[in-house]
Amino acid sequence: MLILGLETSCDETGIGIFDTSKGLLADALHSQVAMHAAYGGVVPELASRDHIRRLIPLTRTAMKAAGLGLDDLDAIAYTEGPGLGGALLTGAGLAAGLALVLGKPLIPVHHLEGHLLSPMISGESPQTPYAALLVSGGHTQLMLVNGVGRYQLLGETIDDAAGEAFDKAASLLGVGYPGGAALAHLAEKGVPERHSLPRPLVRSGDLNFSFSGLKTAVANLIRQVSKGTGRLQAAESADIAAAFQASIVDVLAVKCLNALKATGVRDLVVAGGVGANQQLRARLSRDVTALGGRVLFPPASLCTDNGAMIAHAAALRWQAGIANIRSAADGFNVQPRWTLGG
Ligand code: KG4
Ligand code: ZN
């Protein structure tokens, strides 16, 4: 079975082609990060317009890379939500148009399910049930995965997402937007122990997160270290970045370990943009292995938004007999707000 997947929920246009027997055949991506950087955040209308510009050329690129024609496809999948309404409509519109013209089924996919199952794109499989940490710019959730399509929410952020916290701290430190990777790079040169930042909700007894207070703590620390001027030496910035990263990594790791202990499951899957963070990967690998389990990450290139995870999630749902298969003749839908596993 050969599935084309379109991802347009935010600021990445992603086209993936997944074959249930051969695996991932193509993964074409255009990131709008440079376009939104001037505004310090995603501008929804600009995002939609850029998706419209990129979708067809990128689909052609992916089809060519896979050596396929549109007639070879068995289904067209797209991100139905959650995400920006206008941006979602661009991918949904092209998917429905292709499905209608080709007479193929249309498969709507939940963006977070795409992330959740993405570590398995490379063929690895955790022991089910397993725990999953979804850490992106928009979401921070711990889920119990009982099988494809069977998700139970264990805990989530009550305010900012972890990626959002990285981006806000990076902006305070002036390392650009989106700042997660840049802050992590800066932190490599710093000494995390030089400052002590809070570990929010680490002893809350539940599996929820809170990261909005960390931003304030970083702002206060910058004021204190710079003696009110806001100007920092390179080494001072690096130390603050390292302390901030250490705090987030510590909180995420403690909560993941608590989730494994509370549910009794062994394996952990980590997905979403923050899953590309090397410190988080190293810490979780060490801690989960010490508990006798395994931790699985998608390849770094598939941590952030992409079309491959959408095609892949649709394929797994189809194989499990639970794909929400639709006929494009019946129209299409998007769900900007949509909870997975509720
Ligand atoms: O999953 P994703 O591409 O988009 C959403 O669905 O939100 O995640 C993007 C987020 C951004 O906040 C970005 O700063 C963060 O992931 N990120 C990182 C790293 N690479 C990306 N955060 C920490 N360390 C990284 N290496
Ligand atoms: Zn995402």
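Bear in mind these aren't lab numbers, they're just calculated from the coordinates by the rules spelled out. Predicted model, so just to flag it, every value in this text is computed and none were measured. When we count neighbours, we look across all protein chains shown, and the Cβ atoms used for this are built from the backbone with ideal geometry, even at glycine.
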Practice problem: Filter the range 290-326 down to residues that are over 20 Å from Leu29 (Cα atoms) and either hydrophobic (A, V, I, L, M, F, W, C) or in a loop (DSSP other than H, G, I, E, B) (or both), then give me how many there are. | Solution: 15
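For the range 327-341, does any single residue satisfy the condition of being part of a loop (DSSP other than H, G, I, E, B) and free of Cβ contacts under 8 Å to residues at least 12 places away in the same chain?
no
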Exercise. Can you work out which of the residues in the range 145-164 that are surrounded by 19 or more Cβ atoms within 10 Å (Cβ to Cβ) and not small (Gly, Ala, Ser) is nearest to Trp338 (Cα to Cα)?
Key: Tyr151
Exercise. State all residues of the range 76-94 that are of a type in the set (A, V, I, L, M, F, W, C) and touching a helix residue (DSSP H, G or I) at 6+ places or on another chain (Cβ under 8 Å); if no residue qualifies, say none.
Key: Ile76, Ala77, Leu84, Ala87, Leu89, Leu94
Self-check item: Members of the range 256-281 found to be within 16 Å of ligand 1 (Cβ to nearest atom), in a helix (DSSP H, G or I) and crowded, with 21+ Cβ neighbours inside 10 Å, listed by number
Solution: Cys256, Gly273, Val274, Gly275, Ala276, Leu280
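Every residue, every condition in (1) within 23 Å of Gly264 (Cβ to Cβ); (2) of a type in the set (Lys, Arg); (3) away from ligand 2 (no atom under 16 Å from the Cβ); (4) touching a residue at least 24 places away in the same chain (Cβ under 8 Å), yes or no:
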{"site": "Leu89", "(1), (2), (3), (4)": "no, no, yes, yes"}
{"site": "Ala95", "(1), (2), (3), (4)": "no, no, yes, yes"}
{"site": "Leu98", "(1), (2), (3), (4)": "no, no, yes, yes"}
{"site": "His110", "(1), (2), (3), (4)": "no, no, no, yes"}
{"site": "Met120", "(1), (2), (3), (4)": "yes, no, yes, yes"}
{"site": "Gly123", "(1), (2), (3), (4)": "no, no, yes, yes"}
{"site": "Val135", "(1), (2), (3), (4)": "yes, no, no, yes"}
{"site": "Gln141", "(1), (2), (3), (4)": "yes, no, no, yes"}
{"site": "Gln152", "(1), (2), (3), (4)": "yes, no, yes, yes"}
Quiz item: So, in the range 207-228, of the ones that are under 29 Å from the mean Cα position of the chain (by Cα) and hydroxyl-bearing (Ser, Thr, Tyr), which residue ends up surrounded by the fewest Cβ atoms within 10 Å (Cβ to Cβ)?
Solution: Thr216
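Say we look at the range 141-193 and pick out the residues that are hydrophobic (A, V, I, L, M, F, W, C) and part of a loop (DSSP other than H, G, I, E, B); which of these is farthest from ligand 1 (Cβ to nearest atom)?
Looking at the filtered set, the residue picked out is Val148.
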Quiz item: With respect to Ala169, is the statement that it is among the small types (Gly, Ala, Ser), surrounded by 16 or more Cβ atoms within 10 Å (Cβ to Cβ) and more than 19 Å from Thr140 (Cβ to Cβ) true?
Solution: no
Quiz item: Which members of the range 282-306 meet the condition of being more than 9 Å from ligand 1 (Cβ to nearest atom), in contact (Cβ under 8 Å) with a residue 12 or more places away in the chain and either crowded, with 17+ Cβ neighbours inside 10 Å or among the hydrophobic types (A, V, I, L, M, F, W, C) (or both)?
Solution: Arg283, Leu284, Asp287, Val288, Leu291, Gly293, Val295, Leu296, Phe297, Pro298, Leu302
Quiz item: When you go through Met1, Met35, Met63 one by one, which is the residue that is touching a Ser or Thr at 6+ places or on another chain (Cβ under 6 Å) and more than 18 Å from Cys303 (Cβ to Cβ)?
Solution: Met1
Quiz item: So which pairs qualify, if the first residue must be in the range 213-230 and at negative phi and among the small types (Gly, Ala, Ser), the second must be part of a helix (DSSP H, G or I) and surrounded by 15 or more Cβ atoms within 10 Å (Cβ to Cβ), the Cβ gap must be under 7 Å, and the two must be at least 6 apart or on different chains?
Solution: Ala219/Leu172
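Collect the residues in the range 194-212 that are among the basic types (Lys, Arg), touching a residue at least 40 places away in the same chain (Cβ under 8 Å) and not in a helix (DSSP H, G or I), keeping them in residue-number order.
Once the filter is applied, which keeps residues that are among the basic types (Lys, Arg), touching a residue at least 40 places away in the same chain (Cβ under 8 Å) and not in a helix (DSSP H, G or I), the range 194-212 yields only Arg199.
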Self-check item: Matching residues in the range 5-58 - criterion: being exposed (fewer than 15 other Cβ atoms within 10 Å of the Cβ), without any contact (Cβ under 8 Å) to a residue 60 or more places away in the chain and closer than 19 Å to Ile121 by Cα
Solution: Ser21, Lys22
